[in-house]
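Have a look at the structure below before the remarks.
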Amino acid sequence: MRRSARPFTALLAALTLTAGLVGTGGSAAARTADIRPAVDTSDVSTVADTYTWKNVRIDGGGFVPGIVFNRSEKNLAYARTDIGGAYRWNQAEKEWTPLLDWVDWDRWGWTGVASLASDAVDPDKVYAAVGTYTNSWDPTNGAVLRSSDRGASWQATTLPFKLGGNMPGRGMGERLAVDPNKNSVLYLGAPSGHGLWRSTDSGVTWSEVTAFPNPGNYAQDPSDTSGYASDNQGVVWVTFDERSGSAGSATQDIYVGVADKENTVYRSTDGGATWSRIAGQPTGYLAHKGVLDSATGHLHLALSDTGGPYDGSKGRIARYDTATGEWTDISPTAEADTYSGFSGLSVDRQRPGTLMATAYSSWWPDTQIFRSTDSGATWTRAWDHTSYPDRSFRYTQDISSVPWLSWGANPSPPEVSPKLGWMTEALEIDPFDSDRMMYGTGATIYGTENLRTWDTGGKILITPMVKGLEETAVNDLASPPSGAPLLSGLLDIGGFRHTDLDAVPEMMFTGPNMSATTSLDFAEAAPDTVVRVGNADAAPHIAFSTDNGANWFQGSQPAGVTGGGTVAAAADGSGFVWSPEGAGVHRTTGFGGSWAASTGIPAGAVVESDRKNPKKFYGFKDGTFYVSADGGATFTARASGLPAEGDVRFKAVPGTEGDIWLAGGAANGTYGLWHSTDSGATFTKISGVAEADAVGFGKAAAGASYRTLFVSAKIGGVRGIFRSTDAGANWTRINDDAHQWGWTGAAITGDPRVFGRVYVATNGRGIIYGESPESDGGGDPGPGPEPDPDPDPEEPPADADCTVTYAVTNQWSGGFQADVTLTNTGAAALDGWQLSWTFPDGQKVGQMWNATHRQAGAEVTAGNVSWNGKVAAGASVGFGFTGTWSGENGGPGAFTLGGEACTVG
């Protein structure tokens, strides 16, 4: 799954915010004195209201590029994420514990973890190389964090360069390594041409290994002017041969991987004093991993023609005999038959000669995992093709603990759901337990505890091993007054309806799926009506729900739409205003059957609705506030002088017309929190709030008449999450220094049913929710009013003459694809159409194209989209869909158009 570190508009605001606040160093050596010390989580701030903080459970949701087991202590393992921090495995609970929640707003880039190292000599020590981007997107230099209590507290040393936990090549590694004989010695492979670095005092100070000859030269796309894909991926892994040292004496033989297709492996035989390219090595590839089996003396390389983690069309696996200098190609497939790169390399420390590797960039029909028990002479696979499109499997997969990992899909063979994974750059066999293996994907950590069953012809059981690891980037949050307590809009996996904050949701938003939800809203007076917009590879970019987000149907969209943008629902659900990417602001009545352009408001404006007056909508762009009193048809510019730079977010207070709070700005310009009580005609800046980025509302405190305010802001010189129970007159910081979660500027909302509860959007640590000691309970009071069984107010054409053909074009176990053609046999053109039918065997529509759809039980209604609503007399329109079935898959016996029966062809 592709990972975005933050919406780039939000990123620009944070770049401005943090510039110059963290010392970056300019000397050749890293320093510890040029930054504030990292917080010790045992010494946290005392605040007026002591909150408890937890994740809203999703379990996973992002790329896990690295898993590290300690070599001397059983069950001690760590995982790193590209934007969501680092975690330690808790064997007793079989879940992950987050270790970097103390990372603050100014150093948000430290939530990206480029590498991890666990000390085999002293298992209490762990190190993390942190930094998210090497280009201008991340304002701070990278750092090496060190802990002597397994990540409970940290100290930091900044580096004179940046690190790229979310850069291309982030699945290679590990870049950071501790000498297994003399643990005061560490090495770090740097990106961006900065070479190899070494510490001799347990990570306190660092200096460049000037004798190392090759800083790398490979970049994913040298022409990329942003510096993201054009960055030199550098020195990518370090491996020690522990046999060449003794306790307390530095290891002499060290192997280093470099992002250079012609010179990808170097060796030192004198403890890092001198280095040389290993003769005879494979060329034309990058070594993603270099793993040495000390029992056999074999160094194994997993190679790819690119740096990953998405790309890679060729690869090899090579074995180097450290005793003889002989190289052997031990690839499991012939080079001509290889269509992906290799990574995810691990050896079984209990069984010499046993190793595993992944085809990390095999997206279709699935990733592949290879296993050898004879040092790579022969291999078996997790799955094999039999008679196409069928496959045989050496595993079964149980995702009942994280059911959304199926994506709600039922693909045609040879694909299956759930998938084994993608972006599988990290795979590790437990060094103490040959039956346990974990591997990271673009969405989760999977694992097994009966791995050796593979070797005896049985099937291993693969399950998610991801509980506690929450790695979603959150774009939007909404807490309706009835129904589910929370609706979320997320990057990569769309979003969820959270009916239980402490349980994993059954499924993300589907019908349609979107790769990212950029904005969502509900009708304040009719919260069963919900709308969401987002990004997708193809239309649609908008969907509606009439049951509080439990089920969805897609809407049509204006011409030119390329992305989600922002959306607002009228207070009574009678209409919507949408400001998508690629098109101007538009409005609709009903559920998006047709759209009309709004006037008086610029394209790209952020839009919201008044929470009482259903005709009133608001917009903001470039320092000017806009108001519509006619359902979004026309807007008028009102207040100006608001922040013209940086991100701005605003919300209207439920139950009070015209009451608006606006947060945002940029550190080098106008920045803060503003309040309007006259529908945006005027705004008053709230004194004492130096910076604010998100604002939301919760249930009023006992005895208070005004909703509780929550902000992600800087107040009194302190960045944090703040609460006010008196309309902003006074503020209380409710988080502490141990709970900061990096950047929290995308969204915040209170809960209208539970006083004190707040939901906080993070950029990689998922959704955090806080409970006050004063919280008064909560829960779902029920589904709210029954939804209108026919919510679309547009009348279909009457007395239509029509013929319909329905054909199943593909069918597989539990799934099918069908095409429908509607022909207008009447004398007049159709101007908009809705075609209805009833499935005879309970089939369910999954995805539909060239039409919108909604389904209630077996009844389905498909409607036109913006480009095919007009059907001339004698002309036809077609659409298709995929669906699920069980038992039988009979076709509908009748179709109706506007209540009139069509002829079935």
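The values are calculated or read from the model by the stated rules, or taken from the named source; none is laboratory data. Treat the numbers as computed from the prediction; the structure is a model and nothing was measured. No Cβ is skipped: glycine too gets one built from the backbone with ideal geometry, and neighbour counts run over all protein chains shown.
For region 534-549, how many residues are more than 16 Å from Phe496 (Cβ to Cβ) and assigned to a strand (DSSP E or B)? Steps first, answer last, please.
Taking region 534-549 and keeping what is more than 16 Å from Phe496 (Cβ to Cβ), we get 535-542, 544, 546.
If we keep only those that are assigned to a strand (DSSP E or B) as well, we get 535, 542, 544.
Selection size over region 534-549: 3.
When you scan region 201-210, do you find a residue that is closer than 27 Å to Asp149 by Cβ, touching a strand residue (DSSP E or B) at 6+ places or on another chain (Cβ under 7 Å), touching a residue at least 12 places away in the same chain (Cβ under 8 Å) and crowded, with 19+ Cβ neighbours inside 10 Å, even just one? Looking through region 201-210, at least one residue is closer than 27 Å to Asp149 by Cβ, touching a strand residue (DSSP E or B) at 6+ places or on another chain (Cβ under 7 Å), touching a residue at least 12 places away in the same chain (Cβ under 8 Å) and crowded, with 19+ Cβ neighbours inside 10 Å. Of the strands (runs of 3 or more DSSP E) that lie entirely inside region 380-436, not one contains 2 or more residues that are assigned by TED's automatic domain parsing to the domain that holds Met507, in contact with a Leu (Cβ under 7 Å, 6 or more places away or on another chain) and more than 30 Å from Ala114 (Cα to Cα).
For region 165-174, residues that are farther than 24 Å from Lys125 by Cβ and small (Gly, Ala, Ser) total 2.
Residue-wise test of (1) in contact with a Lys or Arg (Cβ under 6 Å, 6 or more places away or on another chain); (2) acidic (Asp, Glu); (3) surrounded by 16 or more Cβ atoms within 10 Å (Cβ to Cβ); (4) at pLDDT 95 or above.
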{"residue": "Ile734", "(1), (2), (3), (4)": "yes, no, yes, yes"}
{"residue": "Ala738", "(1), (2), (3), (4)": "no, no, yes, yes"}
{"residue": "Pro787", "(1), (2), (3), (4)": "no, no, yes, no"}
{"residue": "Pro793", "(1), (2), (3), (4)": "no, no, no, no"}
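Within region 166-187, residues that are at positive phi have Cβ atoms under 9 Å from residues that are surrounded by fewer than 24 Cβ atoms within 10 Å (Cβ to Cβ) in these pairs: Gly169/Tyr218; Gly169/Gln220; Gly169/Thr306, counting only partners at least 6 apart in sequence or on another chain. The set of residues in region 428-480 that are closer than 16 Å to Trp383 by Cβ and under 20 Å from the mean Cα position of the chain (by Cα) comprises Tyr439, Thr441, Tyr446.
Checked against (1) surrounded by fewer than 20 Cβ atoms within 10 Å (Cβ to Cβ); (2) free of Cβ contacts under 8 Å to residues at least 40 places away in the same chain; (3) hydrophobic (A, V, I, L, M, F, W, C), Trp89 passes all but a single condition, namely (1).
I need the full set of residues from region 527-539 which are within 21 Å of Thr861 (Cβ to Cβ) and buried (at least 24 other Cβ atoms within 10 Å of the Cβ), in order please.
Hits for region 527-539 are Thr529, Val530, Val531, Arg532.
Of all residues in region 323-361, those being buried (at least 21 other Cβ atoms within 10 Å of the Cβ) and in a strand (DSSP E or B) number 10. Yes or no: Thr517 part of a strand (DSSP E or B) and either under 15 Å from Ala443 (Cβ atoms) or touching a Gly at 6+ places or on another chain (Cβ under 7 Å) (or both)? Criteria met by Thr517.
If I go through region 172-200 residue by residue, how many of them are part of a loop (DSSP other than H, G, I, E, B) and either farther than 16 Å from Thr239 by Cβ or not assigned by TED's automatic domain parsing to the domain that holds Gly248 (or both)?
Final tally of qualifying residues: 8.
Would you be able to tell me the number of residues in region 144-177 that are of a type outside the set (Phe, Trp, Tyr) and closer than 13 Å to Trp102 by Cβ? So the answer is 7. Set side by side, the residues Asp492, Asp500 differ, and just one is in contact with a Lys or Arg (Cβ under 9 Å, 6 or more places away or on another chain), closer than 25 Å to Asn410 by Cα and acidic (Asp, Glu), which is Asp492. Scan region 609-631 for residues that are touching a residue at least 60 places away in the same chain (Cβ under 8 Å) and farther than 16 Å from Trp674 by Cα and the total you get is 7.
Out of curiosity, is Gly193 under 21 Å from Gly344 (Cα atoms) and of a type in the set (Gly, Ala, Ser)? No, not satisfied.
The rows are residues; the columns are (1) farther than 24 Å from Gly720 by Cβ; (2) out of contact with any Phe, Trp or Tyr (no Cβ under 9 Å at 6 or more places or on another chain).
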| site | (1), (2) |
| --- | --- |
| Ile660 | no, no |
| Gly664 | no, no |
| Gly669 | no, yes |
| Trp674 | no, no |
| Thr682 | yes, yes |
| Ser687 | no, yes |
| Phe697 | no, no |
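Against the list (1) crowded, with 23+ Cβ neighbours inside 10 Å; (2) outside any strand (DSSP E or B), the condition Ala694 fails is (2).
For region 710-765, which fully contained strands (runs of 3 or more DSSP E) count at least 2 residues that are more than 25 Å from the chain's Cα centre (by Cα)?
By residue number, 718-724, 754-761.
For every residue, the table says whether it meets (1) of a type outside the set (D, E, K, R); (2) assigned by TED's automatic domain parsing to the domain that holds Asp528; (3) touching a strand residue (DSSP E or B) at 6+ places or on another chain (Cβ under 6 Å).
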{"residue": "Thr448", "(1), (2), (3)": "yes, no, yes"}
{"residue": "Ser482", "(1), (2), (3)": "yes, yes, yes"}
{"residue": "Gly494", "(1), (2), (3)": "yes, yes, yes"}
{"residue": "His498", "(1), (2), (3)": "yes, yes, yes"}
{"residue": "Ala503", "(1), (2), (3)": "yes, yes, no"}
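Within region 385-419, being among the aliphatic types (A, V, I, L, M) and under 18 Å from the mean Cα position of the chain (by Cα) holds for Val402, Leu405.
Among strands (runs of 3 or more DSSP E) entirely within region 92-171, having at least 1 residues that are under 14 Å from Leu76 (Cα atoms) singles out 95-98, 113-118, 126-130.
Figure legend. Inter-residue proximity from region 536-550: first residues under 24 Å from Pro485 (Cβ atoms) and not assigned by TED's automatic domain parsing to the domain that holds Arg497, second residues in a loop (DSSP other than H, G, I, E, B) and β-branched (Val, Ile, Thr), beta-carbon distance below 6 Å, spacing 6+ or different chains. No pairs are indicated.
Annotation note: of Ala629, Ala663, Ala652, the sole residue that is surrounded by fewer than 24 Cβ atoms within 10 Å (Cβ to Cβ) and assigned by TED's automatic domain parsing to the domain that holds Gly590 is Ala629. Scan region 362-379 for residues that are outside any strand (DSSP E or B) and either of a type in the set (Phe, Trp, Tyr) or not assigned by TED's automatic domain parsing to the domain that holds Gly308 (or both) and the total you get is 3.
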